[in-house]
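Okay, structure first, notes after.
The values are calculated or read from the model by the stated rules, or taken from the named source; none is laboratory data. Since this is a predicted model, take the numbers as computed values, not measurements. Positions of Cβ are backbone-derived with ideal geometry, glycine not excepted, and every protein chain shown enters the neighbour counts. Surface accessibility is based on the protein's heavy atoms, side chains included, excluding ligands, DNA and RNA. Shrake-Rupley method; radii C 1.70, N 1.55, O 1.52, S 1.80 Å.
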Amino acid sequence: MPEVRLSKEKPLLVDGPASIVLREGTATSLGAPIQIGNSLVIAKYRRIAIETEMNAVFQIRIGEPGSYRQVNGSTIPPSWRDAAEALRHSRGLAVILGDVDSGKSTLCTYLANTCLGHGGQTSIIDGDVGQADIGPPTTTSSSTVTKHIINLQELRPERSYFIGDTSPSSTPDKLVQSITHLRDKISTGSGIIILNTDGWVREDEAVEHKRQLLDSLRPDLVLALSLDHELDHILELLNRPTLPLEASSFALTRTREERKKAREEGYRRFLKNPKHMDLRLNTIKLRMFNAPQQQRLDQITPYRGTITGLLDENGELLSIGRIERIGNGIVRITTSTEETPRTVELGAVVLSTRFDEI
Ligand SMILES: Nc1ncnc2c1ncn2[C@@H]1O[C@H](COP(=O)(O)OP(=O)(O)OP(=O)(O)O)[C@@H](O)[C@H]1O
Ligand SMILES: [Mg+2]
């Protein structure tokens, strides 16, 4: 297995699939310390950067099409360090804005690590329904940060809402409402909340949506990760404290197909050991994700494969599921939860039996 020696000036960049083990010295990834002997797994289409203050020796195992290299200087832009400092000072809610692949989730992870242990609670709200990190795609979630993390996926969703689509543009108002609810339910006192958002920022409707979101939340800090003035329309007229941040030149871009694969991994993570659940239609509300007032579906068609949100009496998500069939007064759903929902919402995504998007 190849060994790599790191120095302060020569961080390591690893593209998954790969696994690495720290053998000697000390190292961090996005502000999270790495333990000697523990194996760190980097998934396909993911990249991590490892830095050391002194020196470190890593053993690296790479799978196809992964790779690794050493780069000159930190991959964390200086403006990200300033943002962490500003957030530890301002506290309250920080909203991360940025285009797809601009490094939003990475910045969110870095901020979580660098705010941890500075007094008060640190929470993350994942408002990116397409490339969701904390919950499955089509949902929004919140979680408390209790330890250092290399990846947001290590966080367990504590409260989630079902949006129903991977695109924020189908139900932008529902998205604003769910994120505002998540924020309102976090009781932090003097704590810090970091909201990660989707990369829908360029079209007129996207600008309008982001403005509504910021209007509803009134954040203490807006962190604008931009490459080329693409956030200017959202930020103009915004009367909230704003920090422009540079997107890292090490951010990895992904193709449509790679993003789809990442979403499918996301569904599978939350549909482990699935079972069939049969629910009598006269004991639950069954409605479409984009028609919340609806009490009944007008027309019962098979809906086979449709993603569903199983909701409790407060409208919070118990689990996602996949419709097997609707008929004879019964809906059969494949899901991991054993809790009985009050409401079943049908989403816009259709999944195969392996939970691939069709
Ligand atoms: N500062 C950085 N150093 C090293 N790698 C980075 C950095 N910023 C981003 N990356 C890598 O680039 C990729 C894209 O970053 P990230 O997932 O954070 O972007 P995103 O804006 O959240 O994307 P999406 O729109 O898909 O949610 C990731 O694999 C990440 O590890
Ligand atoms: Mg992301």
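Remarks
- Residue pairs whose Cβ atoms lie under 6 Å apart, sitting 6 or more positions apart in sequence or on different chains, and linking a residue in the stretch 93-118 that is assigned to a strand (DSSP E or B) to a partner that is within 8 Å of ligand 1 (Cβ to nearest atom), are I96/K104; I96/L107; I96/C108; I96/N196; G98/K104; G98/L225.
- Some residue of the stretch 303-317 being in contact with a Ser or Thr (Cβ under 9 Å, 6 or more places away or on another chain) and among the aromatic types (F, W, Y): no
- Within the stretch 151-174, the only residue that satisfies the criterion of being part of a loop (DSSP other than H, G, I, E, B), under 25 Å from A49 (Cβ atoms) and within 14 Å of ligand 1 (Cβ to nearest atom) is N151.
- Within the stretch 156-200, being among the hydroxyl-bearing types (S, T, Y) and modelled with pLDDT of 95 or more holds for S160, Y161, T166, S167, S169, S170, T171, S178, T180, T197.
- Any chance S90 is hydroxyl-bearing (S, T, Y), farther than 15 Å from A32 by Cβ and buried (at least 24 other Cβ atoms within 10 Å of the Cβ): no
- Test: residue in the stretch 37-56 that is among the small types (G, A, S), surrounded by fewer than 16 Cβ atoms within 10 Å (Cβ to Cβ) and more than 12 Å from ligand 1 (Cβ to nearest atom): yes
- Residue match in the stretch 61-73 (condition: modelled with pLDDT of 95 or more, assigned to a loop (DSSP other than H, G, I, E, B) and under 19 Å from the mean Cα position of the chain (by Cα)): no
- When the stretch 119-144 is filtered for residues that are away from ligand 2 (no atom under 11 Å from the Cβ), in a strand (DSSP E or B) and in contact with a Gly (Cβ under 8 Å, 6 or more places away or on another chain), the ones remaining, listed by number, are T122, S123, T139, T140, S141.
- Within the stretch 26-38, the set of residues being out of contact with any Lys or Arg (no Cβ under 9 Å at 6 or more places or on another chain) and small (G, A, S) comprises A27, S29, G31.
- Residues (of a type in the set (A, V, I, L, M) and within 13 Å of ligand 1 (Cβ to nearest atom)) located in the stretch 207-249: L223, A224, L225, L227, L231, L245, A247
- Residues located in the stretch 95-118, provided they are within 11 Å of ligand 2 (Cβ to nearest atom) and among the aliphatic types (A, V, I, L, M): I96, V100, L107
Residues are listed down the side, and each one gets a yes or a no for (1) within 16 Å of ligand 2 (Cβ to nearest atom); (2) hydroxyl-bearing (S, T, Y):
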| residue | (1), (2) |
| --- | --- |
| L195 | yes, no |
| W200 | yes, no |
| S216 | no, yes |
| D232 | no, no |
| P244 | no, no |
| F250 | yes, no |
| E258 | yes, no |
| R263 | yes, no |
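- Pairs with Cβ under 9 Å, 6+ apart, first in the stretch 179-198 and in the same structural domain as I234 (by TED's automatic domain parsing) and at positive phi, second assigned to a loop (DSSP other than H, G, I, E, B) and modelled with pLDDT under 95: G189/G120; G189/Q121
- T166 outside the structural domain of I48 (by TED's automatic domain parsing) and under 17 Å from the mean Cα position of the chain (by Cα): yes
- The number of residues in the stretch 306-358 being basic (K, R) and either open to solvent by less than 10 Å² (accessible area, probe 1.4 Å) or assigned to a strand (DSSP E or B) (or both) comes to 3.
- Of all residues making up the stretch 199-251, the number that are at negative phi and open to solvent by 60 Å² or more (accessible area, probe 1.4 Å): 19
- Where helices (runs of 4 or more DSSP H) fall entirely within the stretch 175-276, those with at least 3 residues that are in contact with a Leu (Cβ under 7 Å, 6 or more places away or on another chain) are at 204-217.
- Failed item in (1) at pLDDT below 95; (2) small (G, A, S); (3) open to solvent by less than 10 Å² (accessible area, probe 1.4 Å), with S141 passing the rest: (1)
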